[in-house]
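K.L.:
Structure provided below as structure tokens; questions to follow.
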Amino acid sequence: NGQVDTTPILPKIDASQLRTDCDTEAFLHLYKKIGIEDLIRTVPDSYSAVIFDTATKDAYAFRDRHGRMPCWIGRDDTGKYIIASEDSAIRKNNWTPLREVRPGELIRISRVGDFHSEQIVEQKPFHCIFQRTYVESLDSTHDGILISAMRESLGNILAEEHPVGDADIITYIPRAPKPAALGYARALGLENNFTDVFYKIKYKRIFIESTQSQRDNAADDEIFMFPYVNLKGKNVVIIDDSIIRGTESRKAVKLAREAGADRIYFLVYTMHIGIEL
């Protein structure tokens, strides 16, 4: 989980053996050549990873020194271990989350279930805004912070910075921003004005499509408005986590306009690239 710059890796391995340009393949070749501890020391990029070594029958779980990507260890009632990006995935599979893998830490689980932890490099925490505000599940925990609570607090801050006191309806583009929209409404004393207006079918990441026409088509197939919601003559606040290309943003605003909204306020609680909606 993450992204590794292969530029400094390629001179250290036999690049002729690579079958793809995928960073994971180069990462594994470097592991094979220098071992797990030196791999963690050598590659400072953004990743959490699990490697199962078929020669030693050991499983390794580790995070980069910055801890941008999450990684959790869990266990079932028989003592078997599970490794996952997020604790919510462990719980959903009826296992018990134990703790997060620390940034720069290596956890080794042997073939007989022995558990060994070692801090390989010093922690130098940095944060990925996308991970915490968009990618991770609402019921997950990252570095001791519950994701839903963090997003709600961002909504509180958004209400301080951009209060819309005459909002009749406060809503969001599903689904990551829901706690932020609720926090925004609560901070303004307008919790009763919070409602679900839009829904998605597949929760696709539309911004990664190659062309704008593909993104527009994906948005048309993905974002809809609940038919029972009445926006006619209403002041509507739409909250999103970010604006990357603006395709979903434009679609939501278009739907709200077509439904007869009087005013539309589009607010973002993290970052944006300037566009016209």
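We did not get these values from a lab; they are worked out from the coordinates using the rules stated. These figures come from a predicted structure and were not determined experimentally. Note that we place each Cβ from the backbone using ideal geometry, even for glycine, and neighbour counts take in every protein chain shown.
K.L.:
Per residue, how big is the convex hull around the C-alpha atoms of the range 1-98? Give it to me in cubic angstrom, could you?
P.N.:
Given the Cα convex hull of the range 1-98, per-residue volume reads 115 Å³.
K.L.:
Now for a different question. Go from 0 up to the bin containing the longest alpha carbon distance in the chain, width 10 Å each, and give me the % of pairs per bin.
P.N.:
Reading upward from the zero bin: 6, 24, 27, 22, 15, 6, 1.
K.L.:
Still on this model: Straight-line reach from LYS204: which lysines fall under 27 Å, measuring Cα to Cα and dropping same-chain residues less than 8 apart?
P.N.:
Of all the lysines, those that pass the test against LYS204 - Cα under 27 Å, at least 8 places apart if same chain - are LYS92, LYS178, LYS251, LYS254.
K.L.:
As a test of the formula, what do you get for the chain when each DSSP H run with n ≥ 4 contributes -39,500 (n - 2.57) and the sum is divided by the residue count, at 222 nm and rounded to the nearest 500 deg cm²/dmol?
P.N.:
For the chain, the value works out to -8000 deg cm²/dmol.
K.L.:
Here is a follow-up. Tell me which aspartates and glutamates have Cα within less than 13 Å of LYS57's Cα, excluding those fewer than 8 residues away on the same chain?
P.N.:
By straight Cα distance, LYS57 reaches ASP114.
K.L.:
I've got another one for you. If you keep only loop residues by DSSP, which trypsin sites (Lys or Arg not before Pro) in the range 86-121 have at most 15 other Cβ atoms within 10 Å of their Cβ?
P.N.:
Sparse-neighbourhood loop trypsin sites (Lys or Arg not before Pro): ARG111.
K.L.:
Let me ask you something else. Within the P(r) computed for the range 148-277, what percentage of the Cα pairs occupies the region above 21 Å?
P.N.:
That tail contains 36 percent of the Cα-Cα pairs.
K.L.:
While we're looking at this one, here's another question. Which of ALA26, THR6, TRP72 sits closest to the plus end of the dipole of the range 1-74, meaning its Cα is farthest towards the positive end, when Lys and Arg get +1 and Asp and Glu get -1 on the C-beta?
P.N.:
TRP72
K.L.:
For the range 23-155, what is the convex hull volume of the alpha-carbon atoms per residue, in Å³?
P.N.:
With only Cα atoms used, the range 23-155 gives 109 Å³ per residue.
K.L.:
Want the number for ALA259 to GLN17: 0.36 nm per residue separation, take away the alpha-carbon distance, what's left? Working shown, then result.
P.N.:
Values: separation 242, 0.36 × 242 = 87.12 nm, distance 5.75 nm.
Result: 81.4 nm gained on full extension.
K.L.:
May I ask you to list the chymotrypsin sites (Phe, Trp or Tyr not before Pro) in the range 65-160 that are in a DSSP loop and have at most 14 other Cβ atoms within 10 Å of their Cβ?
P.N.:
Hits after loop and neighbour filter: PHE126.
K.L.:
Under 19 Å between alpha carbons, and skipping anything fewer than 8 positions from LYS12 in its own chain: which lysines qualify?
P.N.:
LYS32, LYS33
K.L.:
Modelled label-to-label distance, ASP76 and ILE145, 7 Å Cα→beta-carbon offset: nm?
P.N.:
Modelled inter-label distance: 3.4 nm.
K.L.:
Let me ask something additional. For the range 169-277, which GluC sites (Glu not before Pro) are in a loop by DSSP, counting at most 10 other Cβ atoms within 10 Å?
P.N.:
Here the GluC sites (Glu not before Pro) that fit, given the DSSP loop and packing criteria, are GLU276.
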